[in-house]
Amino acid sequence: MRMSKNGMVTKIHTRIRTEPFTANYELVGRELGRGKFAVVKKCIEKATGKEHAAKFLRKRRKGEDCRMDIINEIAVLESAKANPYVVALHEVYETSSEIILVLECAAGGEIFNQCVADNDEAFTEKDVIRLARQILTGVSCLHRNNVVHLDLKPQNILLTSAKPLGDIRIVDFGLSRRMDKVTEVREIVGTPDYVAPEILNYEPLSTATDMWSIGVLTYVMLTGESPFLGDDKQETFLNISQVNVDYSQDVFEGVSSLAVDFIKSLLLKNPRKRATAEECLKHPWLNSLPHPHSHPHPHLHTRPASSLDEPETSQSESEPESPAPSPELDLIDSYLTYPGQGELKTGRDAFSFGEPPFPTRPEIPQELIC
Ligand code: ADP
Ligand code: MG
């Protein structure tokens, strides 16, 4: 596996198909969602009649060729095949302007919808415990394999079904990176209210950066409020760097103190002090209920029962309009350091695709082991 300078993976195994996507799929229904550079639509595979989600990614963004970013996203998805909580990648198509990822369809939509819903639609603490266990199981598998997601937020955590509440699928690996021992990634990436202090300070990113986001995510799932959100970006960033969090009874009415304790173990400024995904899974809050839907053997190459063939739920028909894409921080310069070689500061596109800036290291097994 080749590494570009900033932790991107540039080699994939999936065959990129060049025949027209519409030869094999029929688009159905409304858009499932959209982000800054992608539109996701439901489609049916003609040969099998199976439902999928097609993510259409523009190769040129703001006049820049971003094909390599998409290849990195594909590489991470294909290497996470064994991870039951990462959305499955079925096929990839390429046209002159786009790359289309054919993904497992997560028909229950974003957990975002329930996070901001009124009381009767909102998650109960019991729901959050089950979903948080799944998120952590998925993320701990990524982290064990040195993959960081870097954009964990309620818009990127989907559900296999909304009613009844299904299982989670982590999506959107557009910003994710491999953090091998020799690489150090520093980038300004992410979504304002979910970014960790080290991102704002341009300090090295690590698996702990995701753990901060999981702290924010859990806070939002339990309270419906975003802990650092200010009136503008400036205020949000100040709140983050001061770790200005409201843990008062007002916000956490009806939520257990174990849950608050769990969040506190993640929203710590020093990344080294934050709980890891493995440690989180051992936290008493997540072990205060039996876990009927947990996945006891994530290393087995199976998916939880409720995934692909799930019948349409009425919920997915009445999905609200897709939320406006959240403002993302611009990717600016990133740089990588090799121990003993000092810092190499470069623009992120200084090296062309397929040419590692450093001698190629031994191949790392492609597939993640959970
Ligand atoms: P972006 O990189 O542009 O944010 P995402 O991968 O996050 O793109 O997709 C945008 C939105 O599309 C998601 O927030 C979600 O609402 C929807 N979506 C993405 N993947 C799927 C999927 N596999 N099944 C159902 N909906 C999806
Ligand atoms: Mg997204």
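The values are calculated or read from the model by the stated rules, or taken from the named source; none is laboratory data. Quick caveat, the model's predicted, so the values are computed rather than measured. When we count neighbours, we look across all protein chains shown, and the Cβ atoms used for this are built from the backbone with ideal geometry, even at glycine.
Spot the failing condition for residue 71; the list is (1) within 14 Å of ligand 1 (Cβ to nearest atom); (2) under 29 Å from residue 7 (Cα atoms), and only one is missed.
Here residue 71 clears every test but (1).
Suppose we filter 161, 176, 140 for residues that are within 29 Å of residue 108 (Cα to Cα), within 16 Å of ligand 1 (Cβ to nearest atom) and surrounded by fewer than 24 Cβ atoms within 10 Å (Cβ to Cβ); which single one remains?
161
Sort out which residues of segment 60-81 are out of contact with any strand residue (DSSP E or B) (no Cβ under 6 Å at 6 or more places or on another chain) and assigned to a loop (DSSP other than H, G, I, E, B), and write them in order of number.
Of everything in segment 60-81, those that are out of contact with any strand residue (DSSP E or B) (no Cβ under 6 Å at 6 or more places or on another chain) and assigned to a loop (DSSP other than H, G, I, E, B) turn out to be 62, 63, 66, 81.
Residue by residue through segment 74-91, note down the ones that are of a type in the set (A, V, I, L, M) and farther than 15 Å from residue 178 by Cβ.
Within segment 74-91, 82, 87, 88, 89 qualify.
Would you mind stating whether residue 213 is touching a helix residue (DSSP H, G or I) at 6+ places or on another chain (Cβ under 6 Å) and more than 13 Å from residue 125 (Cβ to Cβ)?
Against the criterion (touching a helix residue (DSSP H, G or I) at 6+ places or on another chain (Cβ under 6 Å) and more than 13 Å from residue 125 (Cβ to Cβ)), residue 213 qualifies.
State all residues of segment 101-116 that are more than 16 Å from ligand 2 (Cβ to nearest atom) and either free of Cβ contacts under 8 Å to residues at least 40 places away in the same chain or within 16 Å of residue 13 (Cα to Cα) (or both); if no residue qualifies, say none.
Hit for segment 101-116 is 102, nothing else.
Yes/no matrix, rows are residues, columns are (1) under 17 Å from residue 286 (Cα atoms); (2) touching a Lys or Arg at 6+ places or on another chain (Cβ under 8 Å); (3) touching a residue at least 24 places away in the same chain (Cβ under 8 Å):
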{"position": "131", "(1), (2), (3)": "yes, no, yes"}
{"position": "135", "(1), (2), (3)": "yes, no, yes"}
{"position": "213", "(1), (2), (3)": "no, yes, yes"}
{"position": "239", "(1), (2), (3)": "no, no, no"}
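So that you can scan it fast, the table gives a plain yes or no per residue for (1) touching a Lys or Arg at 6+ places or on another chain (Cβ under 6 Å); (2) aromatic (Phe, Trp, Tyr):
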| residue | (1), (2) |
| --- | --- |
| 228 | no, yes |
| 233 | no, no |
| 243 | yes, no |
| 247 | no, yes |
| 251 | no, no |
| 259 | no, no |
| 269 | no, no |
| 272 | no, no |
| 281 | no, no |
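Tell me whether segment 166-177 contains one or more residues that are modelled with pLDDT of 85 or more, away from ligand 2 (no atom under 16 Å from the Cβ) and under 17 Å from residue 112 (Cβ atoms).
Checked against the condition, which is being modelled with pLDDT of 85 or more, away from ligand 2 (no atom under 16 Å from the Cβ) and under 17 Å from residue 112 (Cβ atoms), segment 166-177 yields at least one hit.
Select from segment 242-284 the residues that are part of a helix (DSSP H, G or I) and either at pLDDT below 95 or closer than 12 Å to residue 219 by Cα (or both) and list them in ascending order.
259, 260, 261, 262, 263, 264
Restricting to segment 124-144, give me the number of residues that are farther than 16 Å from residue 274 by Cβ and either among the β-branched types (Val, Ile, Thr) or touching a Cys at 6+ places or on another chain (Cβ under 8 Å) (or both).
Adding up the residues that qualify gives 6.
Could we say that residue 121 is modelled with pLDDT under 95 and part of a loop (DSSP other than H, G, I, E, B) here?
yes
Can you find even one residue in segment 199-219 that is assigned to a helix (DSSP H, G or I) and surrounded by fewer than 18 Cβ atoms within 10 Å (Cβ to Cβ)?
yes
Output the residues belonging to segment 27-59 that are more than 10 Å from ligand 1 (Cβ to nearest atom) and not in a strand (DSSP E or B).
Passing the criteria: 46, 47, 48, 49, 50, 59.
Within segment 189-207, identify whether any single residue is within 16 Å of ligand 2 (Cβ to nearest atom) and of a type in the set (Ser, Thr, Tyr), and answer yes or no.
Within segment 189-207 (the criterion being within 16 Å of ligand 2 (Cβ to nearest atom) and of a type in the set (Ser, Thr, Tyr)), the answer is yes, since at least one residue qualifies.
May I ask you to list pairs of residues, at least six apart or on different chains, whose Cβ atoms are under 9 Å apart, with the first in segment 157-168 being within 23 Å of residue 210 (Cβ to Cβ) and the second being among the hydroxyl-bearing types (Ser, Thr, Tyr) and at pLDDT below 95?
160/306; 160/307; 166/306; 166/307; 166/313; 167/306; 167/307
Can you say whether residue 131 is buried (at least 23 other Cβ atoms within 10 Å of the Cβ) and away from ligand 2 (no atom under 16 Å from the Cβ), as far as the supplied structure shows?
Considered against the rule, which asks whether it is buried (at least 23 other Cβ atoms within 10 Å of the Cβ) and away from ligand 2 (no atom under 16 Å from the Cβ), residue 131 comes out as yes.
From 75, 38, grab the single residue that is among the aliphatic types (A, V, I, L, M), crowded, with 19+ Cβ neighbours inside 10 Å, away from ligand 2 (no atom under 16 Å from the Cβ) and closer than 21 Å to residue 151 by Cα.
Sole residue among the options that is among the aliphatic types (A, V, I, L, M), crowded, with 19+ Cβ neighbours inside 10 Å, away from ligand 2 (no atom under 16 Å from the Cβ) and closer than 21 Å to residue 151 by Cα: 75.
Would you be able to say whether some residue in segment 109-123 is within 11 Å of ligand 1 (Cβ to nearest atom), in contact with a Cys (Cβ under 8 Å, 6 or more places away or on another chain), within 20 Å of residue 193 (Cβ to Cβ) and not assigned by TED's automatic domain parsing to the domain that holds residue 20?
Scanning segment 109-123 turns up no residue that is within 11 Å of ligand 1 (Cβ to nearest atom), in contact with a Cys (Cβ under 8 Å, 6 or more places away or on another chain), within 20 Å of residue 193 (Cβ to Cβ) and not assigned by TED's automatic domain parsing to the domain that holds residue 20.
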